[in-house]
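The values are calculated or read from the model by the stated rules, or taken from the named source; none is laboratory data. Bear in mind that the values here come from a model prediction, so they are computed numbers and not experimental data. Reconstructed Cβ throughout: ideal geometry from the backbone, glycine too, with neighbour counts over all protein chains shown. Heads up: the accessible areas ignore ligands, DNA and RNA and are worked out on the full protein's heavy atoms, side chains in. Shrake-Rupley method; radii C 1.70, N 1.55, O 1.52, S 1.80 Å.
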Amino acid sequence: MMIPDQKQVTFISATGFKVSFFISFANPALINLAPKLMKVPFKLAALLLLLGPLLGEQAAGQTPGKEPLRQEELIRLLEEKHSTRIFYRQEWLLESAAGPEILEMPIERAVSVLSRNNNLSVYRIDNYYVLAPGSDLASRHTTPDETTVAIGNPLEYGRFPIVSLYGTISDGQTGEPLAGAVIYSQRSGTGVPAGPDGHFSLNLPPGEHRISISFVGYETSARRLYLYSPGEFDFELFEESLQLDEVTIMAQRAESNITRTRMSMISLDSKMLRELPGSMGEQDIIRSMSLLPGISTVGEFGTGFNVRGGSADQNLVLLEEVPLFNSSHLFGLTSVVNPDMVTGVTMTKAGIPARYGERAASVMDIRIRPDDVTGTSLTGGIGLLNSRAHLKTPLFSENIIFSAGARTSWSDWLLGRIPDEDLMNSSAGFYDLTGTLAFSINPKNTITIFGYNSADRFAFAGNSDHAYGNTLGAIRLNSIAGEKISFSINAGFSNYNYEVIESDELRPSAAYRLNSAISYRSLKSNFMYFPDPDHNIEFGFNAIHYYTDPGNLTPYGPGSDIIPVAVDNGQAVELAAYVSDNFTLTPSVSIEAGLRYSRYFRLGEATVYLYEQGVPRTTASITDTLHFGANEIVKSYGGPEPRLGVRYILDGESSVKASYNRIHQYINLISNTSIITPSDTWNLSDTHLKPLKSDHYALGYFRNFSNNSVETSVELYYKRLYNVTEYKEGAQIILNERPETDLINAKGHNYGIELYARKNSGRLTGWASYTLSASIRRSGEEHPENRINRNEYFPSNYDKPHDFSANLNYNITRRWILGGTFAYSSGRPVTLPELYFYHGNTMLVRYSDRNAYRLPDYHRLDLSLTLLENLRTDRRGKGHWTFSVINVYGRKNAYSVFYERNDMTSGSRSNLFSLYKLYIIGRPLPTLTYNFTF
């Protein structure tokens with residue numbers, strides 16, 4: 001029997017370590033994996049059901065005169081009689097028969113007797129029962145008077161400073177509502193009475209609570225809850241308690257993709273993150289997103305990603321609410337986020353909530369905050385190219401939780417073994433450090449401190465040294481200000497810097513050092529008001545300060561003749577206020593409407609050049625120069641940014657959604673190539689270069705099959721872009737003191753259709769997606785020399801008409817898992833030479849129209865084989881091996897094409913150029929990683 005969800009059960013050992021597992025109703029055979037699966041970083045997803053009230057009872061015998069029944073038949077009859085489902089594996093049942101008198105028992109007692117007769121444990125999940133091995137573990141870690149209820153979506157843990165617990169209190173025998181019954185939280189010291197219909201709504205801080213429910217003439221009931229996010233739970237009171245202790249587990253609902261208002265959103269909790277395709281033996285969270293519909297990358301290992309035809313700088317990647325300006329290590333080999341520390345990722349492509357702005361295409365919100373822990377844990381992995389570790393532990397008390405992670409590479413030894421002289425003399429490496437400290441001042445106030453630092457280095461052939469790094473930090477206060485209102489305040493910073501050193505021993509006079517950097521400071525507040533369970537209002541204010549260092553060129557070494565060049569630094573302030581209202585209009589219709597207003601100020605010191613009207617902007621057309629003092633306003637922009645999302649449920653398995661959002665982006669990446677490189681610089685909007693504005697419309701149909709075990713969707717989207725940054729022919733970007741002379745504001749259109757299917761349960765799981773799209777641009781310049789393709793539409797650098805990807809995982813046995821990832825996409829547009837001729841000994845080249853050609857189509861297959869730990873071991877330490885092969889059939893996918901001057905040799909013409917194709921991986925690349933947990 002297929003059931004539309006997966007549930008997480010957590011065992012707590014006597015030493016304080018946690019072991020968690022998920023029960024898949026679509027494949028109950030996986031249940032016997034439970035006691036041995038690896039720990040996950042959530043505080044109690046649920047406690048195991050205890051059979052304590054039944055331990056003193058005798059097993060039911062057979063009634064004389066009645067024929068015994070086979071246990072399989074008895075279970076079938078119980079399911080029919082009580083309209084429930086009982087899951088088990090036939091090999092778990094003993095051969096002995098059972099007396100038919102069990103059919104006359106209440107369902108709880110009947111299932112309990114069956115479990116004891118077969119030496120099994122019973123788990124009650126919603127209205128279903130699971131019989132599975134593990135009774136000893138259950139009796140050791142629960143007590144008869146404990147009831148734990150985990151409510152909400154673990155992915156949203158920490159998002160809400162206050163969550164709403166709502167439901168009804170009723171008579172457990174008659175079902176009548178108990179008006180005036182009191183529900184009370186011992187932790188927060190707050191309680192509310194039930195209304196005339198037995199309904200209640202109690203606002204509490206997230207985390208663990210002991211809840212008491214009382215009413216005159218009824219036995220007081222106590223439940224232990226763990227609140228992740230707002231959720232519903234109904235309580236029953238009895239004149240005489242007949243209830244068995246149970247575990248009720250509520251995770252993200254299987255039909256949430258149908259019922260939630262927001263569309264074009266991908267949410268991954270810790271379990272789903274572990275199922276992502278691996279890269280170099282570990283999950284690469286950011287790059288895995290490129291396998292989902294509407295998301296792609298421009299190259300084999302290109303830094304960043306493109307969403308629905310937008311450039312990579314249009315994506316806001318938040319790490320604990322602070323933006324990352326470079327999300328990749330080693331020019332795109334792997335992402336900068338330690339996967340062991342991530343507790344959830346939310347990717348939003350359309351209908352972006354009003355609380356988010358800054359970037360025009362998407363928001364990726366990565367959460368690494370520590371949840372409550374009951375003991376110390378250590379996880380990590382050791383691989384051929386890099387290794388990682390993650391430590392999580394309480395400090396001094398359970399109110400202070402510390403989490404730290406580290407990664408480093410040792411890829412130099414691999415480069416030294418590649419049969420290429422330049423690569424053997426090269427080096428590459430990276431490290432990153434991440435830490436969080438969460439301190440609960442009291443039940444209503446929590447402070448979290450976050451820090452991150454990364455560094456990358458790459459040296460090619462001993463002549464070119466590159467180094468870049470990110471440094472991030474934040475401090476956040478979550479507070480409950482009242483019964484229905486809460487707020488959070490976050491102060492954060494993000495620094496990114498880049499340095500390249502060119503030093504050729506044969507030409508010491510040309511040695512130089514080039515530096516660039518960007519700095520980001522922010523103060524953000526967010527308030528949430530909950531009038532009732534079906535209505536919440538969110539509002540807040542953001543203040544951001546940008547500081548850019550576009551570039552400094554200095555001589556390197558005593559013999560260098562390089563003349564120093566420094567481009568003026570820039571600074572700006574972005575302010576925004578927003579309000580959003582999410583409410584249910586009818587059971588079928590829900591609406592999320594919001595408005596954000598942003599205002600941008602370019603500040604001095606600054607020099608602004610004025611140009612003659614009616615002619616192209618060049619150095620020769622400068623008519624005047626304006627100088628602005630420190631913090632003086634140079635230019636300001638702003639405007640409203642409306643947001644709207646609507647959902648209409650057609651039936652229990654399908655819905656239609658529509659969304660619209662407008663976003664202004666005041667900071668853009670200036671690059672010489674379509675592939676982001678660390679040397680690219682960030683440019684602030686100014687007098688001549690206006691901010692990007694995006695209007696995004698989307699419409700989608702969502703339908704689930706097989707009791708929500710298969711999700712499908714079709715989405716249509718259209719984007720209209722204003723003031724897209726484009727480049728004149730032959731533009732000079734690096735160290736350009738007047739970039740407006742080489743940059744123009746263009747218009748763009750992105751549109752497409754996305755198909756997506758995902759299988760969530762069974763031995764075979766995974767997803768497949770296909771996107772048919774277009775991304776086009778057009779300049780509107782008056783002067784011919786500034787026009788691109790005669791002001792006709794041309795494909796953007798990120799236009800890929802066809803994009804297909806599939807990621808599948810197959811459980812060969814309980815310990816062996818085979819994973820595969822296949823990706824195919826159209827080649828990206830390029831501009832190539834069409835004619836060449838000679839002027840003396842110099843070859844002159846005439847290029848085609850902008851992006852008139854395409855690189856060869858891209859496709860690649862990656863495979864992995866994972867051996868999980870021995871499920872029968874009782875050791876505290878556990879581990880598993882992952883062997884993977886990247887680019888199984890050795891496809892030479894083009895990373896880029898470029899022209900380069902030929903080396904001068906005897907008899908050659910030194911001024912000749914040749915066209916080259918660069919690829920990163922041209923043969924299968926095997927990796928082996930050992931992942932461990934203590």
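Estimated at the nearest 10 Å², the accessible area of residue 646 is 50 Å² with a 1.4 Å probe. What FRET efficiency comes out for the pair residue 515/residue 431, r = Cβ-Cβ distance, R0 = 35 Å, nearest 0.05? Once the sixth-power term is evaluated, E becomes 0.95. Counting Lys and Arg as +1 and Asp and Glu as -1 over every other residue whose Cβ lies under 14 Å from the Cβ of residue 640, the net charge comes to +3.
Based on the Cα gyration tensor of region 711-840, what are the three equivalent ellipsoid semi-axes, each the root of five times an eigenvalue, rounded to whole Å and given largest first?
On the way: eigenvalues 366, 71, 38 Å².
Sorted largest first and rounded, they come to 43, 19, 14 Å.
Summary value for region 149-237: 41 percent relative contact order, contacts being C-alpha pairs under 8 angstrom separated by 6+ residues.
The heavy atoms of residue 563 offer some 130 square angstrom of accessible surface to a 1.4 angstrom probe.
Counting heavy atoms of the protein chains alone, residue 92 has an accessible area of about 30 Å² for a 1.4 Å probe.
Rounded to whole numbers, the Karplus 3J(HN,Hα) couplings from phi for region 304-316 are x, 8, 10, 10, 6, x, x, 6, 5, 6, 8, 9, 8 Hz, using 6.51 cos²θ - 1.76 cosθ + 1.60 with θ = phi - 60°, and x at Gly and Pro.
PRE reach from residue 889 (point 7 Å along Cα→Cβ): which of region 784-806 fall under 17 Å by backbone N? Of the residues in region 784-806, 804-806 have backbone N under 17 Å from the label point off residue 889.
Of the listed residues 358, 729, 499, the order by accessible area with a 1.4 Å probe, largest first, is 729, 499, 358.
Among the listed pairs 657/747; 392/524; 484/693, give every one whose C-alpha distance is greater than 32 Å.
Details: 657/747 28 Å; 392/524 27 Å; 484/693 36 Å.
Over 32 Å apart, Cα to Cα: 484/693.
Computed over region 277-933, relative contact order equals 10 percent, with contacts defined as Cα pairs under 8 Å that lie 6+ residues apart.
Could you tell me how many cubic angstrom of Cα convex hull volume region 277-933 has per residue?
Details: hull volume 123.6 nm³, N = 657.
That works out to 188 Å³ per residue.
The average projected area of region 161-202, computed from the convex hull of its Cα atoms over all directions, is 3.1 nm².
Find out how many positive minus negative residues lie around residue 606, taking Lys and Arg as positive, Asp and Glu as negative, among other residues whose Cβ is under 13 Å from that of residue 606. Here the count lands on -3. Taking amide H as placed 1.01 Å from N in the peptide plane, the amide H of residue 306 sits under 5 Å from that of 296, 297, each at least 5 places away or on another chain.
Remind me, relative contact order of region 458-548 in percent, using alpha carbon pairs under 8 angstrom and six or more residues apart? Walk me through the numbers before you get to the answer.
On the way: 186 pairs, mean separation 22.9, N = 91.
Relative CO of region 458-548 lands at 25 percent.
Per residue, the accessible area of region 149-237 comes to 35 Å² when a 1.4 Å probe rolls over the protein heavy atoms.
Only protein atoms count toward the accessible area here, which uses a 1.4 Å probe; on region 521-639, the carbon and sulfur part of that area reaches 58 percent.
As a size descriptor, the averaged projected area of the C-alpha convex hull of region 149-237 was calculated at 5.2 nm². The alpha carbons of region 437-534 occupy a box of 73, 22, 21 Å along the principal axes, longest dimension given first.
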